[in-house]
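The values are calculated or read from the model by the stated rules, or taken from the named source; none is laboratory data. The structure presented is a predicted model; accordingly, all values stated were derived computationally and were not measured. Reconstructed Cβ throughout: ideal geometry from the backbone, glycine too, with neighbour counts over all protein chains shown. SASA here: full protein model, heavy atoms, side chains in, ligands and nucleic acids out. Shrake-Rupley method; radii C 1.70, N 1.55, O 1.52, S 1.80 Å.
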Amino acid sequence: MRMGRLIFNLLVGLVLLTLVVHTWFSLTHHASHAVGTVARKSSSRSSMRRGTGVMWPGMQLFVDEADPGISEDDIDSQHDAELTEASTSTLPGPTPRARVAETRIAGTDIANRTALSPAMSKTTASPPSPLSRQDLIERAKNVKAPRASASLNALLSRLDSVAPPPPPPPPVFKPVDCLDLGPWPCHESGCPSTSVGCKDMESQCSWTFGRLFQKPPSEHLRTKLVSALCPKTCGVCSVAEEEAEAEKALRECKSGGGKKNACEGGRGVWGAIWKEAPPEGENLNYHAPTTIEKYMELTDGSSWQEKSKADSHGCTRYFKVGDRGDMRQTVKPMLKELGICEAKDDSHADFMWTRPWEVIAAFFRAKVIQPGAIVNSLGGLPQQIGQKMSLARLHVGCMKRNGYDPLDAIPKSAPFCRFTSRAFAVRREADRLQVAYKRFQQYTQQLDADRPEKHRIWILKPQGGFNQIGIHMYSMSKEASSTEEGVLQWMTQRVPEGTWVLQEYIMNPMTYKGHKFDLRIWAVVTSLDPLRMHLLKTGIPKVSQWKFSKDVVDTKEQCIHVLMPGTLECFTDARADVLRPYPTRTDVPEWWAAMDPVGEKFWKNVAWPSIEFKLVELMLLARDPILHIDHSIKRKGIQYKRIFFLQPDIVLDNNGDAYMVEVNTNGYMIGNLHKDFFPLFEEQRGLMRTVGANGFPQAHKYMKQLKAQTQKFCEKSECTPALEREIWELVHEDMHANQGWYRIFPTREDRPHTRLLKQAPQYAKSLTILDRLSFAWLERKWSPKHTHDQNASVVVLDQK
């Protein structure tokens, strides 16, 4: 009996040992074959890659190498997308073969494209899946024969000694409570100081420390992304969770479920990235009152207050700032220098500078916001102009307003709707591509007919991204754009998973000494109705350190097209043509002389007026859908001043036409952080004075004369008491305009953009009664006696 059991155990052990040995040989054979294949593909791909980069572990490029329809450029473009998106997804490979199902939705062609990878579509049988080491361990646990189990354990030990398992991938850095780390020492060429923090690297969030530094502060940082250690500065906190939540809510709304208010309104600026609902607060059915009697129901939105004497602490005005770094380190000291005291809570603040409010209900807190307070938020405005798709959305609305087909090129003679270049929404969800590709193809043909180019560059940028993170530059050849199938194939090969904006690139920009530039423009809206808007007289240049080139081979050179003034690599590369001195203003002879087209006359009479016009046009378009919020606040008798700080990025073409790339609405104040490139501290202080943060201290010199003038005006024009106070506010802002700030709306008709907008019926209907009364007031040509000092600041003289 015992002998039979022993024989049985030996037989089981031999069978199991044979199985393990067979599995081991199969495993090593397939592994060596796979390693060789991946190595060959990686080597081939690396040789095609322009520039440097790393191949992320686990990434696959599914390409049928025998397919003549796929070029090296196609593989290159796909590899670029993979490198950028490696931390979030692995994309299906490019293929010219696909199943395309087209449907007609709201007059647009939507391509739902199911991409079939050639490498995956082959019908050859796949080899049997080899047992893993873990499978062998599990089988060993189920074997009761002690000798067989011992033999298996011995074999596993031998396998471990011959071929140890690969080390686990490095842990993914997960920031705790979204805190920035640093600073880090910096002692090499190009360092701004002996230590650098996250704010110094915010333009390189997508880089690794090894790419940013010639020698990283420590070796373990070499492969770390800047965004991983600076999540707050780079804006990557909880992005995945927000997107997942937004996508879930969107699906619920589509299926008829979800909360009513969430489905009727859109997400805010800092929320979801694919928006089918209108922005929060939008109401296209509201119209402003058409009689002065109806305006009698509305209070004003000025900073007028009855108090003027100092309190027991010696303070006449109080401020409150948000907890963001620039607010504490730049805005707070600035306000203290103006003689304003810090408030303990919002209810005692005369001036509040916080992150713009997105929740509309926040504007109706009468118990929290005291009369005459100034708040740097306008209800609904950041949602209208601050999202990635905002400019494209407003552009479509502008085209409809002017009677143009939204997907056609603008007629050459038309002056309107040129505030941004054309953009198309693109979404890729696994194997489905959603885009109006037929109209896109027609648009490219219209462009080639009007402005022919050898090729055309398109910018692909993620909705919801910022700081140039995730931006791709792609060239489209004439051959690709000549047919609908060519366009669809081009998009399929280049658009990664996610939601994107595909925007036309300005192929012939104005240049500074042969370098491309864009301008950060500073503007402030100080009233919505009547609309008042001020502009800083200089743009803030961001100039590339490389000579401009639109050649196909330079399409992906971000140091030419995107990174301005540039990263360390842009300054040290062999192609660098470093500008010394770097231009810091656009209102000086040195700037005008270095422009192409050249000259002060061209800049002052063509380029800069184009910027003024595009900003005012944008605000008139954005105001209509949110005007009801402003009027609702005033109807409830909640009297305080709402302002908004705009920072659009603008590119000028070689005709002097301005195009907005995006509008930054976060109210960021840089202080002296980058003073070598952007010395703007005094201009920021001038903004605070212009909007009335310190209470318009020169007003007492002219207030008596001003009241007499407005009384006479209102006797003839039948203006309301609220409008009279708005006129006072206009004059106060003009008389406290500081450091080159000046009003661009309203103006008299001697300004071309005002004359053009007033004469065009499609814009004239957007002008309210208060706008027209403001124009009438300006035609009186009265203002307190004043002059300007050397800093372009108004100095009020004694009135006689």
TODO: Restricting attention to helices (runs of 4 or more DSSP H) lying wholly within the stretch 342-451, give those where 3 or more residues are surrounded by fewer than 22 Cβ atoms within 10 Å (Cβ to Cβ).
DONE: 390-401, 437-450
- [ ] Determine if the stretch 753-766 includes at least one residue that is part of a loop (DSSP other than H, G, I, E, B) and in contact (Cβ under 8 Å) with a residue 12 or more places away in the chain.
- [x] yes
TODO: Go through the stretch 738-779 and give me each residue that's more than 20 Å from C719 (Cα to Cα), modelled with pLDDT of 95 or more and among the aliphatic types (A, V, I, L, M).
DONE: I744
TODO: Of all residues in the stretch 202-223, count the ones that are at pLDDT below 85, under 25 Å from R324 (Cα atoms) and either more than 23 Å from the chain's Cα centre (by Cα) or of a type outside the set (D, E, K, R) (or both).
DONE: 4
Task: Flag for D551 being under 20 Å from the mean Cα position of the chain (by Cα) and open to solvent by 10 Å² or more (accessible area, probe 1.4 Å) - done: no
TODO: Check off (1) surrounded by fewer than 16 Cβ atoms within 10 Å (Cβ to Cβ); (2) at pLDDT below 90; (3) assigned to a helix (DSSP H, G or I) for N467 and give me the number that stays unchecked.
DONE: (3)
TODO: Can you work out which of the residues in the stretch 649-669 that are hydroxyl-bearing (S, T, Y) and touching a helix residue (DSSP H, G or I) at 6+ places or on another chain (Cβ under 6 Å) is least open to solvent (accessible area, probe 1.4 Å)?
DONE: T665
TODO: Please go through the stretch 318-333 and pick out each residue that is open to solvent by less than 50 Å² (accessible area, probe 1.4 Å) and in contact with a Leu (Cβ under 9 Å, 6 or more places away or on another chain).
DONE: F319, V321, D326, T330
- [ ] Just give me the residues in the stretch 755-795 being closer than 29 Å to E682 by Cα and out of contact with any helix residue (DSSP H, G or I) (no Cβ under 8 Å at 6 or more places or on another chain), in sequence order.
- [x] L778, K785, T787, H788, D789, Q790, A792, V795
Open item on the list: If E241 meets every condition in (1) at pLDDT 55 or above; (2) not in a loop (DSSP other than H, G, I, E, B) apart from one, which number is that one?
Closed with: (1)
Task: Lone qualifier among E297, E282 - being at pLDDT 80 or above, surrounded by 12 or more Cβ atoms within 10 Å (Cβ to Cβ), in contact with a Pro (Cβ under 7 Å, 6 or more places away or on another chain) and part of a loop (DSSP other than H, G, I, E, B) - done: E282
TODO: Specify which of the listed residues (A593, A574) is open to solvent by 30 Å² or more (accessible area, probe 1.4 Å), farther than 19 Å from V651 by Cα and more than 25 Å from the chain's Cα centre (by Cα).
DONE: A574
Open item on the list: What's the total number of residues in the stretch 184-199 that are of a type in the set (D, E, K, R) and without any contact (Cβ under 8 Å) to a residue 60 or more places away in the chain?
Closed with: 1
TODO: Output the helices (runs of 4 or more DSSP H) that fall wholly within the stretch 551-596 and possess 2 or more residues being at positive phi, of a type outside the set (D, E, K, R) and in contact (Cβ under 8 Å) with a residue 12 or more places away in the chain, or say none.
DONE: none
TODO: Among the candidates S475, S481, single out the residue that is in contact with a Lys or Arg (Cβ under 9 Å, 6 or more places away or on another chain) and open to solvent by less than 10 Å² (accessible area, probe 1.4 Å).
DONE: S481
Task: Members of the stretch 754-774 found to be open to solvent by less than 10 Å² (accessible area, probe 1.4 Å) and touching a Ser or Thr at 6+ places or on another chain (Cβ under 8 Å), listed by number - done: T754
Task: Those residues of the stretch 384-399 which are at pLDDT 90 or above and out of contact with any Leu (no Cβ under 8 Å at 6 or more places or on another chain), in sequence order - done: H395, M399
